[in-house]
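What follows is a single structure, written as structure tokens, with notes after it.
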Amino acid sequence: MVNKIWGFFIISGIVFCFFTGNIKLINDEILNCTKSAIDMIFKIFPVMALWLGIMQIASSSGLLNIFANKLSILLTKIFPDIPYGHESLSFIASNIVANMFGLGNAATPFGLKAMESLQTLNNKKDTASRSMITFLVLNTSGVTIIPTTIISLRMMYKSITPTAIVLPCIIATSLSTIAGLILDRIISRRIK
Amino acid sequence: MTLISNMIIPILVLIIIIHGFIKRIDLYDEFVKGAKSSFPMITTMFPCLLGMILGVNIFTKSGVLDWFFSFLKPIFSYWKIPFEILPMIVMRPISGSSTLAILNGLFKKYGPDSLIGTIASVIQGSTDTTFYVLTLYFGSIGIKKIRYSLYVGLFADIVGIVSAIIITSMLL
């Protein structure tokens with residue numbers, strides 16, 4: 001999917017510029033993209049290191065586990081098909097907690113484990129189960145409390161209030177998650 | 001609003017450190033260990049970012065994107081939404097590194113505290129890349145029939161983006 005889109009971007013962009021005569025612009029764009037990329041990496045890297053460091057403390061001290069356990073109770077309501085106490089619930093909870101704190105790469109392994117575990121409950125192995133879809137909705141709507149990368153990028157561009165976006169983000173992400181879960185419920189009931 | 005937003009991070013850090021202190025873990029050693037794990041992340045991220053910046057910059061700067069979606073312009077101006085955030089909205093469900101590249105460009109051009117910069121930040125922070133998550137998670141366990149998951153995921157994205165725009169416009 002991404003491969004085709006990426007190819008389409010480059011082909012359509014360059015061909016379009018041949019027609020509009022803006023070929024110098026594209027030439028500069030191709031040559032300058034390396035500089036933009038390395039600038040960005042240097043901007044994001046230190047802040048990412050900072051948060052991964054702080055979150056490592058939270059995970060070693062068991063604080064993330066405490067959050068995950070609290071969440072499991074709520075999760076049994078969102079995932080009615082998963083039997084109570086099934087291991088997939090704890091993977092799902094860990095994934096959500098890691099996502100909440102902006103730990104994308106810590107969240108992914110938990111998410112993959114959760115999918116694997118949900119697959120053991122699945123009757124048709126090539127078809128997505130209801131619980132899997134619900135889990136993906138939770139994931140794609142992005143339950144984030146601390147969007148670390150964005151805050152760091154804002155700081156680098158000398159924002160006066162780099163963290164002012166935190167609360168709006170929480171509200172918007174909650175709305176999208178709730179909307180996604182409701183639609184998921186409605187469709188899955190209809191299909192039954 | 002700004003005050004609450006500014007307090008969230010210090011309070012979170014305080015809670016984490018105090019909890020770690022009570023549990024008697026090696027605070028500093030753990031911090032260093034975690035920070036170190038950012039190196040492999042950055043090295044995997046760089047090629048993706050570079051590729052995405054190349055693709056997205058060619059696509060957006062050439063003007064083909066605006067031309068493609070110019071039919072949306074009246075809707076945007078009616079709701080007083082800056083048209084500049086369109087690439088962000090279009091790309092958000094497809095790729096995370098590409099929207100990060102767009103966000104970077106918008107900050108450079110308009111500044112992070114402008115209306116455009118703030119809306120773009122909230123969109124980036126409140127939604128996730130549906131296509132990527134679907135491909136990765138379903139691919140890992142060999143699911144071929146994804147049923148209605150894509151529609152629900154995209155629906156959640158749209159709700160997130162629309163609420164990001166409304167909330168930010170109300171605040172600024």
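The values are calculated or read from the model by the stated rules, or taken from the named source; none is laboratory data. Since we're looking at a predicted model, the values are computed, not measured. Don't worry about glycine lacking a Cβ; one is built from the backbone with ideal geometry, like all the others, and counts go over all protein chains shown.
Tabulated results
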{"quantity": "Residue within the range B:131-143 that is modelled with pLDDT of 85 or more, of a type in the set (S, T, Y) and under 28 Å from A:S152 (Cα atoms) present", "calculated": "no"}
{"quantity": "Test: residue in the range B:115-123 that is more than 10 Å from chain A (Cβ to nearest Cβ), closer than 28 Å to A:M100 by Cβ and not aromatic (F, W, Y)", "calculated": "yes"}
{"quantity": "Of all residues making up the range B:49-76, the number that are among the β-branched types (V, I, T) and either surrounded by fewer than 19 Cβ atoms within 10 Å (Cβ to Cβ) or not in a helix (DSSP H, G or I) (or both)", "calculated": "1"}
{"quantity": "Residue ID - nearest to A:F79 (Cα to Cα), chosen from residues in the range A:150-161 that are more than 7 Å from chain B (Cβ to nearest Cβ) and touching a helix residue (DSSP H, G or I) at 6+ places or on another chain (Cβ under 9 Å)", "calculated": "A:I151"}
{"quantity": "Criterion: at pLDDT below 80, within 29 Å of B:F131 (Cβ to Cβ) and either touching a strand residue (DSSP E or B) at 6+ places or on another chain (Cβ under 8 Å) or not assigned by TED's automatic domain parsing to the domain that holds B:T127 (or both) - qualifying residue of B:I9, B:I94, B:I42", "calculated": "B:I42"}
{"quantity": "Selection count, the range B:158-172, where residues are of a type outside the set (A, V, I, L, M, F, W, C) and more than 7 Å from every other protein chain (Cβ to nearest Cβ)", "calculated": "1"}
{"quantity": "Search result, residues across the range A:76-92 that are of a type in the set (G, A, S) and free of Cβ contacts under 8 Å to residues at least 24 places away in the same chain", "calculated": "A:G85, A:S90"}
{"quantity": "Any chance A:K43 is of a type in the set (D, E, K, R), within 15 Å of B:K108 (Cβ to Cβ) and in contact (Cβ under 8 Å) with a residue 24 or more places away in the chain", "calculated": "yes"}
